[in-house]
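Notes follow once the structure below has been shown.
A short reminder: the numbers here are calculations on the coordinates, not readings from a lab. Nothing here was measured: the structure is a model prediction, and the numbers come from that model. Every residue, glycine among them, receives a Cβ derived from its backbone with ideal geometry; neighbour counts consider all protein chains shown.
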Amino acid sequence: MATSNSLELDLNTELFSVKLPDSAGPLWSRVLNGFWDLDLDHGGTRKRDYIAYHQYFVTELDAWRCYSDNVSLHTYQDLVDLVKHLKENASAPRSSPEVLTFFGSRRTSAALAAQTSLSQTEAPTPLQCENSIFLAVRLWLMVNVGHPNLRKIFPGKTQITWSQDDSVEGLLAAQFPSFLQLSHPLTDFQYPRDLNVYELERITGLVVVWTDHLADHLRLDLDLRSITLYHHVSVLKCHKFSDKKLYVDIR
């Protein structure tokens, strides 16, 4: 249930404040709408589809609080704007002028500057720009790029190396090929209608481990006899039906 504090939050709320967006509050609706051009209202039932993603979002954001001095994003509006900017420049290297121009145009609001003693004309450092991009991509695309110290907080996730000369499109293409080259294509293969997680565990003897990290989908660990499954179906649908086709087919 949303608290009175959560109802007061909007996109101009400080990104690393102690107040995180409530899953039933208006701030969360505006973040989802900003990321994927959705049309969720404050009390809409469709927001229930994003409860698991909300848990990922707030956990990830809270973990980055320790490194907030090395991030140039100050508000949720900054985060949403950066995601939109990365979509528009998805084919440009992340260190290119096209991408980095976002940070040159940023200006901290007068109210936030007064609260945090930040200069409106203070230019972010290259490290702050890089970490801002990493954070935005982690929250938006749910891929584990960026700050290496977060491995201690989120152990077991595959760490993705993203070259500064590579783009968002290049990152996704390298991690998630659009198709597999098979020597014997399974064109006529159909999954049994009753195949589910329970049957998968029963038939294979594997333990299913749920993951928030897209690159770990279908990762098989024979030592632990486990298989990892990505479970944020609603997020994948958002990418699939987005104007910018930066989605991954993991069927």
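Brief remarks on what is shown
- Under 5 Å from the amide H of residue 211 lie the amide H atoms of 229, 230, 231, each residue being 5 or more positions distant or on a separate chain, with H modelled from the backbone and absent for Pro and chain starts.
- Placed amide H near residue 219: partners under 5 Å, 5+ positions off or other chain: 228
- Computed lengthening from residue 233 to residue 207, 0.36 nm per intervening residue step minus Cα-Cα distance: 7.3 nm
- Inter-label distance, nm, simple model (7 Å from Cα along the C-beta direction), residue 152/residue 169: 3.9 nm
- Treating r as the C-beta distance of residue 161 and residue 220 and R0 as 22 Å, the FRET efficiency rounds to 0.55.
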